[in-house]
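Some notes on the structure that comes next.
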Amino acid sequence: MRKESFGCRGNQDKIGVLIAQLGTPEEPTGRALRPYLKRFLGDPRIIEKPRWLWWLILNGIILTVRPKRSAALYARIWSPEYGSPLLHFTKRVAEEMSVRVRTLHPTIEVAFGMRYSAPSLEDAVDDLIARGCSKILLFNMYPQYSATTIATNYDAVFKHMLKRRNVPTLRVAEPYYAHAEYVDALAATINEALAKMSEPPEKLVFSYHGIPEEYVEKGDVYCCHCTETSRELIPKLNMPAENVIHTYQSRFGKDPWLVPYTDETINALAESGVKRIAVACPGFTADCLETLDEIGNEAREDFEERGGEHLELIPCLNDHPVWLDGMTQLIEKELGSWLETAKRTSAMDCVVACPVRVEKKRVAKNDVARAGA
C-alpha cells in the first residue's frame, strides 16, 4: 500500500482532467524503439495470442528486426523543432485545455499521460493527486472504443489505484465517436482542407486504424463506432456521399483484419484511373506515424506509382481551435455534477476540525514545552 501523508485532505478537493494518449518513442532510433515496442506489443490487449507463444515471437523475432525498421519510419516524420508529432500535439492540447477548462471552474487541473511512454498515465495520475485533485476525469484521445485502446488505458489507471490508500473519485468520459462536438470538428477541419486544394479530389478516403476481425467476433464494438462516425460525418462534408470511401489501415500479421484495407483501396483507385484523392483519418485525434508516414508517405508513393497524380493527406484534429472548443464542451458535459458542486461550494478545509490531527498537535506542543522547561 502506497505510503501517503497523514491526516485529512484539507483543501485538496480539486477536479482533475487526465488526457490519455497512446505514446511515442523518445527518439527515432532502434535503441529507443525496442523498449517502446516491447511495452506496446507486449500488452495482452494489443496481441491476444497465448502469452508463452507470443513471448517467443516478440522477443525472438520481432524485437530483433522491427526496431531498426520502425526507427527509419519515425525518422521520416520526426520534427527538428519538436520531435514526435504525437507528443507535440498532445502537449499542445493539454496546455490549451488547461486554460480553457479554467473558464468552467478555476479549480480544474489538467495533465496528460501516455500508455506506453513517458509521461506515463500512472505518473499523470500521481501528478493530479499531488496538485490536490480528489476527483479525476479520464478523457481518452480515442473517439471510438476498442479494447486495444480505451480498455488498456483503463487497465493502467485502475491498476495503479490499487496501490493507493486514498483513491480519488474516478469518472471516465464515454467514447465520443458520434457526438456532435467531435463530428462537427471533423467536418470543419476536413471541409477547410478541401477548400484549400487547388483542385477538388475525385474521391475522399476515410482511413481508420484496423483491428483483427477476431476481436470484433469476440465482442469489440470498434468497427460499429467507426461506421457510425462516418455515417454522422458524411452529410456534413462538402463532398458527394458517393465519393467517400470508408477503409481500415495498419494491419499487422497474417490474420484477417477489418476490411476494406486502405492500401488496397487506394491502389485500386489509382489502377482504375482516379488521379486525385484525399485521405482523412477520423479515428486519430493527433497526427502520428500511422497518418504522416503510412498514409502521407507510403500510400502516396504507392498511389503515384500506379498512375495516380496526387494524394492529399488531410491533417488530424491536432490542436485546431474548433477541436479545442469541442473538447472543452465534451469535458464540461462529462464533469456534470462535479462541476455543479464546485460552482456551489468552495473546497472544505477540515484540518483544524480533525480530532486526530488536533490531538497530535497538542501532544507535540506539550512535548516542546517540557523539553524547554
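The values are calculated or read from the model by the stated rules, or taken from the named source; none is laboratory data. All values reported here derive from a predicted model rather than from experimental measurement. Please note: Cβ atoms are built from the backbone with ideal geometry, for glycine as well, and neighbour counts cover all protein chains shown.
E192 meets the stated requirement of being free of Cβ contacts under 8 Å to residues at least 60 places away in the same chain and among the charged types (D, E, K, R).
Just checking, does the stretch 198-219 include any residue being hydrophobic (A, V, I, L, M, F, W, C), surrounded by fewer than 19 Cβ atoms within 10 Å (Cβ to Cβ), out of contact with any helix residue (DSSP H, G or I) (no Cβ under 7 Å at 6 or more places or on another chain) and assigned by TED's automatic domain parsing to the domain that holds E298? No: the stretch 198-219 contains no residue that is hydrophobic (A, V, I, L, M, F, W, C), surrounded by fewer than 19 Cβ atoms within 10 Å (Cβ to Cβ), out of contact with any helix residue (DSSP H, G or I) (no Cβ under 7 Å at 6 or more places or on another chain) and assigned by TED's automatic domain parsing to the domain that holds E298.
Residue count for the stretch 33-63, restricted to those that are farther than 23 Å from E298 by Cβ and in a helix (DSSP H, G or I): 13. Being part of a loop (DSSP other than H, G, I, E, B) and polar (S, T, N, Q) is not true of N191. Out of everything in the stretch 293-314 that is of a type in the set (G, A, S) and out of contact with any Leu (no Cβ under 6 Å at 6 or more places or on another chain), what residue ends up being surrounded by the fewest Cβ atoms within 10 Å (Cβ to Cβ)? Looking at residues that are of a type in the set (G, A, S) and out of contact with any Leu (no Cβ under 6 Å at 6 or more places or on another chain), I get G307.
The residues on offer are R165, R171, R276, and the sole one that is surrounded by 15 or more Cβ atoms within 10 Å (Cβ to Cβ) and within 30 Å of G336 (Cα to Cα) is R171. Looking across T227, T262, one residue alone is at pLDDT 95 or above and over 30 Å from I57 (Cα atoms). It is T227. Scanning the stretch 228-254 for residues that are more than 19 Å from A188 (Cα to Cα) and among the polar types (S, T, N, Q) yields T247, Q249, S250.
With (1) touching a residue at least 40 places away in the same chain (Cβ under 8 Å); (2) crowded, with 17+ Cβ neighbours inside 10 Å; (3) over 21 Å from the mean Cα position of the chain (by Cα); (4) farther than 30 Å from R344 by Cα as the list, and F89 as the residue in question, which single condition is left unmet? Single failed check for F89: (3). Cβ separations smaller than 6 Å between residues 6+ apart or across chains give the following pairs from the stretch 118-143 residues that are under 24 Å from S337 (Cβ atoms) to residues that are assigned to a helix (DSSP H, G or I) and among the polar types (S, T, N, Q): N140/N153.
Residues that are among the hydroxyl-bearing types (S, T, Y) and over 23 Å from T291 (Cβ atoms) were ranked within the stretch 92-132; the one that is surrounded by the fewest Cβ atoms within 10 Å (Cβ to Cβ) is T103. T152 passes every criterion in (1) touching a strand residue (DSSP E or B) at 6+ places or on another chain (Cβ under 9 Å); (2) among the β-branched types (V, I, T); (3) touching a residue at least 60 places away in the same chain (Cβ under 8 Å) apart from (1).
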